[in-house]
Every structure is written in structure tokens, then in C-alpha cells.
1. Would you check the stretch 8-219 for Lys pairs whose C-alpha atoms are within less than 21 Å, ignoring same-chain pairs closer than 8 in sequence, and give me the count?
2. Using modelled backbone amide H atoms (1.01 Å from N, in-plane), which distant-in-sequence or interchain residues come within less than 5 Å of CYS150's amide H?
3. Please arrange PHE92, PHE214, PHE132, PHE192 by counting, for each residue, the other beta carbons lying within 10 Å of its beta carbon, fewest first.
4. Put +1 on the Cβ of every Lys and Arg and -1 on every Asp and Glu Cβ in the chain; which of MET13, THR205, HIS140 then has its Cα farthest towards the positive end of the dipole?
5. Projecting each Cα onto the charge dipole of the chain (Lys/Arg +1, Asp/Glu -1 at the beta carbon, about the Cα centre), which of ALA119, VAL169, SER159 comes out farthest on the positive side?
6. Placing unit charges on C-beta atoms (Lys and Arg positive, Asp and Glu negative, everything else neutral), compute the dipole magnitude of the chain about its Cα centre in debye, rounded to 20.
7. Cut-off 10 angstrom, C-alpha nodes, Gaussian network model of the chain. Which of PRO184, PRO87, PRO110 fluctuates the most?
8. Treating only the Cβ atoms of Lys and Arg (+1) and Asp and Glu (-1) as charged, compute the dipole magnitude of the stretch 94-223 about its Cα centre; round to the nearest 20 debye.
Amino acid sequence: MSASGKVHVQICMAMTADGKIASANRRITQFGSRADHERMMALREKADAILTGAGTLNAQPEIRLRANAKPKAPLRVIASGSGQVNPAHGVFGSTGAPVVVLSTERISRPRAKALREAAHTLKICGVNAIDFPTALDWLHNDWGVKRIVCEGGGRLNDSLLRAGVVDEVHLTICPLILGGREAPTISDGVGFSTLEDAAQFRLHTRKLVGEEMFLVYRRAANA
Ligand SMILES: NC(=O)c1ccc[n+]([C@@H]2O[C@H](COP(=O)([O-])OP(=O)(O)OC[C@H]3O[C@@H](n4cnc5c(N)ncnc54)[C@H](OP(=O)(O)O)[C@@H]3O)[C@@H](O)[C@H]2O)c1
């Protein structure tokens, strides 16, 4: 939840049996089954907004939002502290949902200008790093967001987890091993250095679907 407790935050990720979310060379990015894809779509269906990190967006230049049959398509939110997102990316030319970019004072003027023109809104929410509790409160107050699903990647997840705003983690464990020390995992970046500080969750549900394990973790009550 955000600092004010108004936004329910879900992380949705597919990982290999060795905890990777892509290969070390970043060429393999999708390995979940159709059922895994449907699970992501079901979360999107209930969400008011979809949050994606700049790294994930830049790794998928072909992403385009489809016109959505829902009366109100989820807001598309991109996190990029430096603004290193291509303003010509397909996500900006899509119909169906407004796109907002969360950034910081680190963004250069030319990048800010280009993203202001490409996106509906460029919101500065921090000096060096996006302050996610503040950003989530802004999404709630200005866009009516009550539920947001974060679709990665690992560095964005790390920021959300360290900010203490994650309510649920929906994890699909897929039956393959990609290996590679440099391969991204569901939470990269800085991480936690003590057990006491680690993000604490409780296993809420587990379901075997074909050869994939679908897990849902909920924030521990004392977290
Ligand atoms: N298997 C799956 O379910 C799944 C899902 C999603 C992604 N992926 C894979 O994950 C990989 C991408 O992960 P990634 O970790 O490299 O990138 P990422 O998490 O998608 O994006 C990282 C970027 O987000 C911005 N960011 C995150 N936290 C921030 C903060 N607190 N303040 C400011 N900016 C912040 C920064 O942008 P700036 O650098 O612009 O400042 C950072 O470089 C790709 O290979 C993708 O295919 C897999």
C-alpha cells in the first residue's frame, strides 16, 4: 500500500525454477505458458493501472496497447528516473489508455520535453529516485487508482519492495532453468542487507497448473 494506504500494489512475474526473469543476454524474456499469460490478463482486468520499468519497456520495443473493450482501460504507468525511454516507443502511440511517466529531477530538459509530448503526463516524483509512496498517492488522488499491477522488471520490483508498498506478489514458477549470473531476477537492484529488513510475505495460495506453480504471497501482517 502507499503511505496513505489507498493503493493496493500487486507484483506479477513469471520466473524460471532458478529464479530468473530473462536470460543473461536478455534475449529470452517470455517463457510462461498460455495459462500464465491469462493469469496476468486477469490481474490487469481488475487493475486501474499497469506499472512497468524503463528496462522492461526498452526490452520490448514492440509493445503497443490495444484498444480496450473496458469502459475504462487501465492507466499505463512507466517508471524512469533518467527518462531514458524512447518517445517513439509503440506504447505512446497506442489507443485505449493514457500513458504517464514517473521520473525524477535527474531527467534532462530535452528528455522531459520529448516525454511530455509523447505521454499524457510526465510526473516528477523525487530528486534522484522515484518516491513510490508519493507517486502512488498522486496516482490515487489525480487518477483514481486504487489497484495497480506491476509487471516488472527486477529493478523496479526492488524499488517497490524497499519502499514497503507491495501488498501481493503473484509468481509463476516455470519448469526451466536459464542460469547466468547476470540474468535478472524478480528483485534486483539494491536489495536488503538484514533479515529483519527483508520484505516479509505469507504464502496465500498455491496452485499447480500443468507444469507451472502459481503462487500468491501477501504482505505479512507485521511487515
Ligand atoms: N519474466 C517476467 O515476468 C518479466 C517481467 C518483466 C520484465 N522482465 C524482464 O526483466 C528485464 C528488465 O528488468 P530490469 O531490472 O533491467 O529493468 P526494469 O525494472 O524494468 O526497469 C528498471 C528501470 O526502472 C527505473 N526505476 C526503477 N526504480 C526506480 C526508482 N526508484 N527511481 C527511478 N527510476 C526507477 C529506472 O529507469 P532509468 O534507468 O530510466 O532511471 C531503472 O533503470 C527485461 O529483460 C525483461 O524482459 C521479465
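Values in this text are rule-based calculations from the coordinates and carry no lab data. Just so it is clear, the structure is predicted and the values come from calculations on it, not from any experiment. Don't worry about glycine lacking a Cβ; one is built from the backbone with ideal geometry, like all the others, and counts go over all protein chains shown.
1. 9
2. GLN10, ILE11, CYS12, LEU51
3. Sorted ascending by nearby Cβ count, the order is PHE192, PHE214, PHE92, PHE132.
4. HIS140
5. The residue sitting farthest along the positive end of the dipole is ALA119.
6. With only Lys, Arg, Asp and Glu charged at Cβ, the dipole is about 520 debye.
7. PRO110
8. Rounded to the nearest 20 debye, it is 260 debye.
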